[in-house]
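Notes to accompany the following structure.
The values are calculated or read from the model by the stated rules, or taken from the named source; none is laboratory data. Being a predicted model, the structure only gives us computed values, none of them experimental. Every residue, glycine among them, receives a Cβ derived from its backbone with ideal geometry; neighbour counts consider all protein chains shown.
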Amino acid sequence: MTGRFPGTSNSYPPKIQDTKGPMMSRSPSARSRPRSVLKLAAATIGAALALTACASTSTKTTSAQSDFKQAAQDTSSAITVWADSTRLPSVQAYQKAHPDVKMNIVTYDGSADGSTYLQTKVQLFDRTNKGWPDVVFGSPTDVTWASEPTSPSAQAYAAPLDQGLVPQTTLSNFAKGSLTPCQFNGHTYCLRNDIAQVVLWYNKALMDKWGYQVPTTWQEYQALGQKVAKEHPGYLVGAVGDTNSQESYFWSSQCPAQELTGNTTLRVNLSSPNCTRMASLLDSLISAKSVSTQGFFSQGFTKSYGSKVLMAYGPSWYGQYLFNAAFKTPAGQIAAAPPLKWDGESSTYTGNVGGGVWMVSSHSKNLSAATALTEWLTTSDANLKSAPTYPAYVPGAKTWLDNPANKDYFAAPISDAFQQAANDVWTGWGNTKFSDATAWSSVVLPALSAGKTLTSTLPAWQSAIVNEAKSVGYTVTTQ
Amino acid sequence: MTTVERVGAAGAVPAEQVRRRGVPRRRSLAGYAFVSGYTVLLMAFGVLPTLYAIDLAFTNASGQFVGLGQFTKVVRDFRFGPSFMHILLYLAMWLVLVVVLTVVVAVILRSRVSARTSGVFRFLFYIPGALAGVASVLVWLFMLDPAVSPVSWLLRALGFSTFAQVLAPQNLPAIFVLIAFWTGAGGWIVVMYGALNNISDEVMEAARVDGASPWKTAWYIQIPMIRKWIVYMAILAFAAGTQLFVEPQLLQTASLGRVDPTWSPNQLAYVFAFQHGDFNGAAAISIFLLTLGLMCAGILVTRSGLFKVEEQ
């Protein structure tokens, strides 16, 4: 088994979460007087029926205030840091370089694969009024709930960092659009750790050997996929079975699967041509068997297909974490090309798969130490030079690309592809309160496994997204 | 119960009531002392949380009374219907399987095989039950993945070539029944075996002398005589079944999300509480489950006379 992946929407093997249900315990003796209990229950329900509802079931939390109440500060107090195992060495390096800062470092799943561990815990901390980690690594989805109070009496977990904590000059040095997932109601609630811009990965050694040109448009990609299926059956130009494949393909195709048109309004329209063109392109390659319906990270993929991946359309961390770590492809074979363009369109857009964020707790007793650590992790050359993934902080990204250790593995320079893709990320795929992985993996992927086409699954996918969006309070339009 | 109260109050035991109730019950401080430890724990971890859940289910996040608002809200949720359909389908399959198979196996072990073989089999059946719930799910994760399963030939023969195909939505109830049966049935086989041992040798001997075949003996003598144990098993299996959580939750994470994260009502309650921060809605779902469990237990207990004291 390979280790974990730095893209926050991916980790494997998945973390087993707290498996205790929220139910109360029951014992046989609770049932030994069923008739009286039933009567009591009937009486309770009857009483409830008799009384008309006098309050709404949902208490609307007021929109996040810009000011937050700081806890009494104590600059010598210890800070608790939660990080995933990929980011753990960075936090440990900070501790080593700053031995005077008292830190409790905790490893957790980093909200990978749509995990809600952090959210679950913060819900509980909000109820017990203690226990919040001071600094936490999470996914952009986490910021959507962390920037609002979880209940009327709670304070939003994430501290607005632009409120005197992080200087504006630092914030403006982050890559274009990379702080968008952090911004709510005009404030910035997190610092972006890395961006996971989608590029075209390919095995240069095989492409050269077979005399194939690297595609620059989706039409060329499709044609090459058909060709590979005929000339080298068994080789793959892509896979759609991962929890985040939709972010590589449909996000790049500017498909309005979850376009935020306001704070609480969402546009979901999978019948848009931007969605159907990608669905039918993938369907044709799936039926030709040069795109797999399994995931690159699904069990057994490496064993069966690891050496047969000619191309993979995916995030910037695929190079080190998919080809190098998981597939163990030898150095000097893999290269990255800029994102693909649609014939007839003037500009190129691409997707984004993960890219973590760091948040500071608004409840922290030592905001200065917590902020200093967060800034060091996301902006310092010392950390970013050898960061596991492509930094979102522009000066840091340059340092990262200049470090030979980040490029040695590849068959050709990656800087151009990475830098271009970083600017091409389409901003129409909203950072919503629900994870886009749920509907894709639990509705679309099982249908594909059962042999249905993507095109025929679009309506089911759409209604799954709409249902989920409505259940967390979005007003949805499907036009 | 009232009889017992009066007996205690009178301070003497009328002869007629001794006859009716079999062994007389006496109140003593020692008895209360013995149950007190458990009662305290039951109050703290059983009764109080239940009352808290009832309180939450009828109020909103600000503590205002909302009547049945929380219940109608969760019923209208798009995941409520499917999750309860899943659990009912699962319960139907699981109850039939556990009741029929454990009783059949226990009867066979009791009367059709030698004592030594029977002992070995009871031990073997019991082993999976000794594994913790999570560990047994992990075993099945391997068993069900054609890439690593020791019975991959069987999976392939059934038309499953990838783990994803095995986890198709329509297969999930059967998979959970399989896991539940594998971990839970062994313990019940041992219990049923014990119950069969309770039937006196004279009864069995009389049946044999009367010429009853082993199957007739099982059907007309043994099974009717362990009826209460079977009802008891059905109640506990039902209660445990409605609370299905660990298995779907683990399969959900292990399959990288291919299993619906709100497959069972308990998972739905979990999502309500910890993703939506809606503890009130979660409590409403738990009250639905509690009511379901109590109704089933109530029907089974009253119909079978499970707790009726035998009359002399």
Inset, instruction - May I ask you to verify whether A:Ala112 is over 30 Å from B:Arg258 (Cα atoms), within 14 Å of chain B (Cβ to nearest Cβ) and within 23 Å of the chain's Cα centre (by Cα)? - result: no
Inset, instruction - Sort out which residues of region A:436-467 are without any contact (Cβ under 8 Å) to a residue 60 or more places away in the chain, part of a helix (DSSP H, G or I) and aliphatic (A, V, I, L, M), and write them in order of number. - result: A:Ala439, A:Val443, A:Ala447, A:Ala460, A:Ala464
Legend entry - Residue under evaluation B:Ala239, criteria (1) of a type in the set (A, V, I, L, M); (2) farther than 18 Å from A:Phe434 by Cβ; (3) more than 20 Å from the chain's Cα centre (by Cα); (4) facing chain A (nearest Cβ under 9 Å), criterion not met: (3)
Inset, instruction - Please verify whether region B:126-143 includes one or more residues that are touching a residue at least 60 places away in the same chain (Cβ under 8 Å) and surrounded by fewer than 13 Cβ atoms within 10 Å (Cβ to Cβ). - result: no
Legend entry - Residue, modelled with the lowest pLDDT, within region B:244-290, restricted to residues that are part of a loop (DSSP other than H, G, I, E, B) and aliphatic (A, V, I, L, M): B:Leu256
Inset, instruction - Just need a number here: residues in region A:266-304 that are closer than 20 Å to A:Tyr349 by Cβ and within 11 Å of chain B (Cβ to nearest Cβ). - result: 0
Inset, instruction - Would you be able to say whether some residue in region A:372-388 is surrounded by 21 or more Cβ atoms within 10 Å (Cβ to Cβ), touching a His at 6+ places or on another chain (Cβ under 9 Å) and more than 30 Å from B:Ala168 (Cα to Cα)? - result: yes
Legend entry - Enumeration of residues in region A:120-153 that are at the interface with another protein chain (Cβ under 9 Å from one of its Cβ atoms), surrounded by fewer than 20 Cβ atoms within 10 Å (Cβ to Cβ) and assigned to a loop (DSSP other than H, G, I, E, B): A:Ser151, A:Pro152, A:Ser153
Inset, instruction - Can you confirm whether region A:212-232 contains a residue that is part of a loop (DSSP other than H, G, I, E, B), within 20 Å of A:Val425 (Cα to Cα), under 20 Å from the mean Cα position of the chain (by Cα) and at pLDDT 95 or above? - result: no
Inset, instruction - List the number of the failed condition for A:Thr389; all other conditions in (1) more than 16 Å from the chain's Cα centre (by Cα); (2) hydroxyl-bearing (Ser, Thr, Tyr); (3) part of a loop (DSSP other than H, G, I, E, B); (4) over 18 Å from A:Val143 (Cα atoms) hold. - result: (1)
Inset, instruction - Have a look at B:Ala115, B:Ala157 and point out the one that is modelled with pLDDT of 90 or more and over 26 Å from B:Ser264 (Cα atoms). - result: B:Ala157
Inset, instruction - Those residues that are of a type outside the set (D, E, K, R) and either buried (at least 24 other Cβ atoms within 10 Å of the Cβ) or touching a strand residue (DSSP E or B) at 6+ places or on another chain (Cβ under 6 Å) (or both), I need them from region A:341-360; list them, please. - result: A:Thr348, A:Thr350, A:Gly351, A:Asn352, A:Val353, A:Gly354, A:Gly355, A:Gly356, A:Val357, A:Trp358, A:Met359, A:Val360
Inset, instruction - Could you tell me whether any residue of region A:245-254 is outside the structural domain of A:Leu367 (by TED's automatic domain parsing), of a type in the set (D, E, K, R), crowded, with 22+ Cβ neighbours inside 10 Å and assigned to a loop (DSSP other than H, G, I, E, B)? - result: no
Legend entry - Looking only at region B:52-78, and only at residues there that are among the small types (Gly, Ala, Ser) and more than 7 Å from chain A (Cβ to nearest Cβ), the one that is surrounded by the fewest Cβ atoms within 10 Å (Cβ to Cβ): B:Gly63
Inset, instruction - From the list B:Trp153, B:Trp219, pick out the single residue that is loosely packed, with under 13 Cβ neighbours inside 10 Å, among the aromatic types (Phe, Trp, Tyr), away from chain A (no Cβ under 14 Å) and without any contact (Cβ under 8 Å) to a residue 40 or more places away in the chain. - result: B:Trp153
Inset, instruction - Would you check which residues across region A:101-119 are surrounded by 20 or more Cβ atoms within 10 Å (Cβ to Cβ) and polar (S, T, N, Q) and list them? - result: A:Ser111, A:Ser115, A:Thr116, A:Gln119
Inset, instruction - State the number of residues belonging to region B:252-279 that are more than 7 Å from chain A (Cβ to nearest Cβ), over 17 Å from B:Pro82 (Cα atoms) and touching a Leu at 6+ places or on another chain (Cβ under 7 Å). - result: 2
